[in-house]
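For reference, the structure discussed in these notes is given below.
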Amino acid sequence: MTQLNRESLQPDSPDPGAGSRPQLSVGLVLLDQFTLAAFSGFVDVLRLSADLGGGSRQIHTAWRVMSVDGLPRTSSAGITLEVSGGLAQDLEAFDYVAICGGNDYLNTHLPNPLRDWLQRAAKSRTRLLGICTGTFALAQAGVVGSRSVCVHWNVLDAFRARFPKTPAAVDHLFIDEGDLITCAGSTAAIDLGLYLVARHCGREKAQQAVRHMMLQGIRPGRQPQAHFYANLADIKDERVRQAAHYIEQRMDSLPTLDAIARYVGLGRRQLTRAFQQSLGLSPMEFQRSLRVEYGGWLLVNSHSSITQIAMDCGFSDGAHFSREFRARFGVCPRQYQRQERSG
């Protein structure tokens, strides 16, 4: 396990000549097994917007990293991070409080101190951020209400099973409900950070971070997540749901029918019958439909060639992809791309 010391992570003190409170201040709470990419990407946006030249002084933006008990937290990557302390009592110091989750989202126990603190933050009108699976903790604390939330496509079924009354979506990178903003995690946390910096510090400061991070630009929250996901909310057969999830997870290394059947403990024919009854498709037809849907997303949201997109989606060549795509959408990939981008 790698240990990072506090000195290597804490920025220099704010410039005493700055004279005023930073335009944007965020308190971040690390949960067990938090996702390092989402947390670090979000914080680095704040850091690179805080000062000129990447100096890291908390002038224009400020951040404080906390945990429930003030002790270090270990990320899902096994890297342990020091924190500034326990849950802050001076909530008025923050424009936002961010809950950074990760691989511990299936844990149904939310520490009472965190629950009470989040409820106090909500009552004091401190705006809340759910980063990655931190949204699970916000829902557990009862501070989401009827608001819509954004979750990563990989955990949508788990979220809906736990919180069936909370509208959850994967067709955004993040969703802003005014006093609650939730994001899918991973690189979407960078986009959320840029969104907040642009709002509070101006677009120039956000672009400063974009240049330092060598990004292509700022993605809007309404941009859909890369779509490896099929909506199975109405499918009652748990075996089909498990098999579909397995296929989604293996988009880059397509499983055979035998492998899928073994994964859910069925024979090939049993699995095929179950899929036909639930979806009207065979497992392999379902797999192809996901690949074509993903290809459609890439056509609109990436700059890759059609041949490269075909290969990335698991097709043997561009012609094979084009045939399947036309059968699904009624137009060729190039025409679809022009229509969607012009619309």
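The values are calculated or read from the model by the stated rules, or taken from the named source; none is laboratory data. No experiment lies behind these values; they were computed from the predicted model shown. Note: ideal-geometry Cβ built from the backbone for every residue, glycine included; neighbour counts use all protein chains shown.
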| How about region 120-215: which helices (runs of 4 or more DSSP H) wholly inside it have at least 2 residues that are surrounded by 20 or more Cβ atoms within 10 Å (Cβ to Cβ) and without any contact (Cβ under 8 Å) to a residue 60 or more places away in the chain? | 134-140, 188-201
| message | Can you pull out every residue in region 280-312 that is among the aliphatic types (A, V, I, L, M) and under 23 Å from ILE218 (Cβ atoms)? | response | LEU298, LEU299, VAL300
| field | Counted residues, region 90-107 - those being closer than 17 Å to ALA121 by Cβ, in a loop (DSSP other than H, G, I, E, B) and in contact (Cβ under 8 Å) with a residue 40 or more places away in the chain | value | 3
| remark: When region 236-266 is checked residue by residue, the ones that are assigned to a loop (DSSP other than H, G, I, E, B) and in contact with a Phe, Trp or Tyr (Cβ under 6 Å, 6 or more places away or on another chain) are MET251
| field | LEU87 being buried (at least 21 other Cβ atoms within 10 Å of the Cβ) and either assigned to a loop (DSSP other than H, G, I, E, B) or in contact with a helix residue (DSSP H, G or I) (Cβ under 8 Å, 6 or more places away or on another chain) (or both) | value | yes
| message | I'm trying to understand the selection: among the residues of region 150-182, which are touching a helix residue (DSSP H, G or I) at 6+ places or on another chain (Cβ under 7 Å), aliphatic (A, V, I, L, M) and under 15 Å from ALA38 (Cβ atoms)? | response | VAL151, LEU173, ILE181
| note | Pairing a residue in region 326-338 that is assigned by TED's automatic domain parsing to the domain that holds TYR294 and part of a helix (DSSP H, G or I) with any residue that is among the aliphatic types (A, V, I, L, M) and modelled with pLDDT under 95, where Cβ atoms lie under 7 Å and the two sit 6 or more apart in sequence or on different chains, gives ARG328/VAL292; PRO333/LEU299; PRO333/ILE306; ARG334/ILE306; TYR336/LEU299; GLN337/LEU299; GLN337/VAL300
| task | Could you please let me know if GLY221 is within 29 Å of GLN249 (Cα to Cα), outside the structural domain of GLN33 (by TED's automatic domain parsing) and of a type outside the set (A, V, I, L, M)? | result | yes
| said: Being of a type in the set (D, E, K, R) and in contact (Cβ under 8 Å) with a residue 24 or more places away in the chain is the filter here; which residues of region 313-325 pass it? | reply: GLU324
| request: Identify all residues within region 284-318 that are under 23 Å from ILE260 (Cβ atoms) and either outside the structural domain of ILE247 (by TED's automatic domain parsing) or not in a helix (DSSP H, G or I) (or both); write none if there are none. | output: CYS313, GLY314, PHE315, SER316
| Condition test on ARG269, is it within 22 Å of LEU232 (Cα to Cα), in contact with a Gly (Cβ under 9 Å, 6 or more places away or on another chain), assigned to a helix (DSSP H, G or I) and not aromatic (Phe, Trp, Tyr)? | no
| message | I'm told GLY53 meets every condition in (1) touching a Ser or Thr at 6+ places or on another chain (Cβ under 9 Å); (2) small (Gly, Ala, Ser); (3) over 23 Å from ALA188 (Cβ atoms) except one. Can you identify the failing condition by its number? | response | (1)
| Hey, any hits in region 287-294 for a residue that's farther than 14 Å from MET251 by Cα, in contact with an Asp or Glu (Cβ under 9 Å, 6 or more places away or on another chain) and crowded, with 17+ Cβ neighbours inside 10 Å? | no
| remark: Scanning region 277-297 residue by residue, those hydrophobic (A, V, I, L, M, F, W, C) and at pLDDT below 90 turn out to be LEU290, TRP297
